[in-house]
Amino acid sequence: MDKLNFINEELIKLKETGLLINIRTIESPQGSWITVDGKEVLNLCSNNYLGFANDPKLKSASQKAIENYGVGPAAVRTIAGTTTLHKELEHKLAAFKGVESTLSFQSGFCANLAVIPAIVGEGDVVFSDELNHASIIDGCRLSKAKTIRYEHCNIKDLKAKISAEKDVKRRLIITDGIFSMEGDIAPLPEIVNVAEKYDAIIMVDDAHGEGVLGRGGRGIVDHFNLHGKVDIEVGTMSKAFGVVGGYIAGSKRITDYLAQKGRPFLFSSAATSADVSACITAVETLTASDILVKKLWENTEFFQEKMRHIGFNLGNTKTPITPVMIGDAKIAKEFSQKLFESGIFAQSIGYPTVPMGKARLRVMLSATHSKEDLIFAIENFEKIGRSLGLL
Ligand SMILES: Cc1ncc(COP(=O)(O)O)c(C=O)c1O
């Protein structure tokens, strides 16, 4: 008997329903045009919002860090010590975000897995937006706290659910700042009001807000001017900052506590000197100038206005994340394949990343795109959309 036969069956099922993910191979640095599977294509997939992923200043910082510190961290920070680079990044990030302290992690995913189980456990309740990122869902599962999902961005539903939970030790409300598959923005001021009324801890995952929202890309708390009102911010260095890594931002009390209790911090090696050094340069560059953030928003407005005018449904996006709603996963896949043949890399996204029946093409805009790039994309979207009978 083949004990692992269920794997074949599952893979066949994914293929038949159009949900098998085709991971393409990139053969060039990140940028507006990249080489994918041997073909030069316009890149509408990456989270490289500001172009930092291949920025010469970041690359040179990484090279210098390797010379000075070598390539590997050699152990976890609590056991073998931390480098001055990690500390410098944490100080500079705190200043940029306008918080007392930050603590860096290996990724945003790790940051969520660290913070949620450290803050809540059995007897506590988490109120989590139903479209929160998978790393938040997994952090909640690990915590063993009761998790109640409230309807997406629905404050009435959040209030109803939080007021119905009596005899709770601790309440924690968690929301994505910008929802990664929708591009809409959490109603953070209203969530803060609910948190204050019910004495709940409030946590926002700002992965897609950094480098995008707020003054010079300082994120969602800055965007809504809620400094001091949000207990915990989770961030990533893998999107607008262009590198890899994650962090928690908040009070020194919280970061001191997580350095003792955050399991991915305690039991997994730190980010490398090359990564951390590039992150420092990204934070410095963003602190010094908002030119790239402005360009990102100009591109976003231009592209989305034209796409809506043509007749595409872009959902409720208010940010550079641009979902082109299709519905059927197979059609979304076919659309993506035809775009690729015309020189455009825009992946289709289906279940389980988005709910069943809500497949879409997810276009990620970047400051690296030129007007000509965007016009090229819009013309091809229109042509293929018409050929598939979607317009
Ligand atoms: C909202 C949100 N949180 C966390 C993450 C994970 O970040 P990282 O890639 O740094 O692990 C992502 C990335 O997709 C995200 O969109």
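One residue is enough: does segment 324-344 have a residue meeting the conditions farther than 19 Å from V212 by Cβ, among the acidic types (D, E) and under 25 Å from the mean Cα position of the chain (by Cα)? Yes: segment 324-344 contains one or more residues that are farther than 19 Å from V212 by Cβ, among the acidic types (D, E) and under 25 Å from the mean Cα position of the chain (by Cα). For segment 263-285, filtering for residues that are in contact with a His (Cβ under 7 Å, 6 or more places away or on another chain) and either over 15 Å from Q63 (Cβ atoms) or modelled with pLDDT under 95 (or both) leaves 1. Looking at segment 139-155, can you tell me whether even one residue there is within 16 Å of the ligand (Cβ to nearest atom), in contact (Cβ under 8 Å) with a residue 60 or more places away in the chain and among the small types (G, A, S)? No, every residue in segment 139-155 fails to be within 16 Å of the ligand (Cβ to nearest atom), in contact (Cβ under 8 Å) with a residue 60 or more places away in the chain and among the small types (G, A, S).
Return a yes/no flag: does segment 154-171 have any residue that is modelled with pLDDT of 95 or more and closer than 24 Å to L44 by Cα. No, segment 154-171 has no match at all. For segment 137-182, residues that are outside any helix (DSSP H, G or I), closer than 30 Å to T319 by Cα and among the aliphatic types (A, V, I, L, M) total 6. The residue list G311, G350 contains one member that is out of contact with any strand residue (DSSP E or B) (no Cβ under 9 Å at 6 or more places or on another chain) and small (G, A, S), which is G311.
When we screen K294, K306, K318, K252 for residues that are charged (D, E, K, R), out of contact with any Lys or Arg (no Cβ under 9 Å at 6 or more places or on another chain) and within 16 Å of the ligand (Cβ to nearest atom), the only hit is K318.
With respect to A95, is the statement that it is surrounded by 16 or more Cβ atoms within 10 Å (Cβ to Cβ), modelled with pLDDT of 95 or more and of a type in the set (A, V, I, L, M, F, W, C) true? Spelling it out, it is not the case that A95 is surrounded by 16 or more Cβ atoms within 10 Å (Cβ to Cβ), modelled with pLDDT of 95 or more and of a type in the set (A, V, I, L, M, F, W, C). Pairs meeting the criteria (first residue in segment 240-267 and in a helix (DSSP H, G or I), second residue at pLDDT below 95 and more than 16 Å from the ligand (Cβ to nearest atom), beta carbons under 6 Å, at least 6 apart or on different chains) are L266/T78. Listed by position, the helices (runs of 4 or more DSSP H) enclosed by segment 286-391 that each have at least 1 residues that are modelled with pLDDT under 95 and out of contact with any helix residue (DSSP H, G or I) (no Cβ under 9 Å at 6 or more places or on another chain) are 329-341.
Put simply, of G216, G209, G235 the only residue that is part of a strand (DSSP E or B) and not assigned by TED's automatic domain parsing to the domain that holds R360 is G235. Residues that are part of a helix (DSSP H, G or I) and surrounded by fewer than 20 Cβ atoms within 10 Å (Cβ to Cβ) occur at least once in segment 125-136. Scanning segment 202-243 for residues that are more than 11 Å from the ligand (Cβ to nearest atom), of a type in the set (D, E, K, R) and out of contact with any Leu (no Cβ under 8 Å at 6 or more places or on another chain) gives R215, R218, K229, D231, E233.
With respect to the conditions (1) away from the ligand (no atom under 16 Å from the Cβ); (2) in contact with a helix residue (DSSP H, G or I) (Cβ under 9 Å, 6 or more places away or on another chain), D199 falls short on a single one, namely (2). Here A114 meets the list (1) part of a helix (DSSP H, G or I); (2) away from the ligand (no atom under 16 Å from the Cβ) almost entirely, failing just condition (2).
Count of segment 79-89 residues, restricted to those that are more than 16 Å from the ligand (Cβ to nearest atom) and under 14 Å from E284 (Cβ atoms), is 2.
Here L19 clears all of (1) modelled with pLDDT of 95 or more; (2) surrounded by 15 or more Cβ atoms within 10 Å (Cβ to Cβ); (3) of a type outside the set (G, A, S) except the condition numbered (1).
Residue-wise test of (1) modelled with pLDDT of 95 or more; (2) part of a strand (DSSP E or B); (3) out of contact with any His (no Cβ under 6 Å at 6 or more places or on another chain).
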{"residue": "S28", "(1), (2), (3)": "yes, no, yes"}
{"residue": "V41", "(1), (2), (3)": "yes, yes, yes"}
{"residue": "A53", "(1), (2), (3)": "yes, no, yes"}
{"residue": "K64", "(1), (2), (3)": "yes, no, yes"}
{"residue": "G72", "(1), (2), (3)": "no, no, yes"}
{"residue": "K87", "(1), (2), (3)": "yes, no, yes"}
{"residue": "T102", "(1), (2), (3)": "yes, yes, yes"}
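The values are calculated or read from the model by the stated rules, or taken from the named source; none is laboratory data. This structure is a prediction, so every number in the text was calculated from the model and none was measured. All Cβ positions, even for glycine, are placed from backbone atoms using ideal geometry, and neighbour counts span all protein chains on display.
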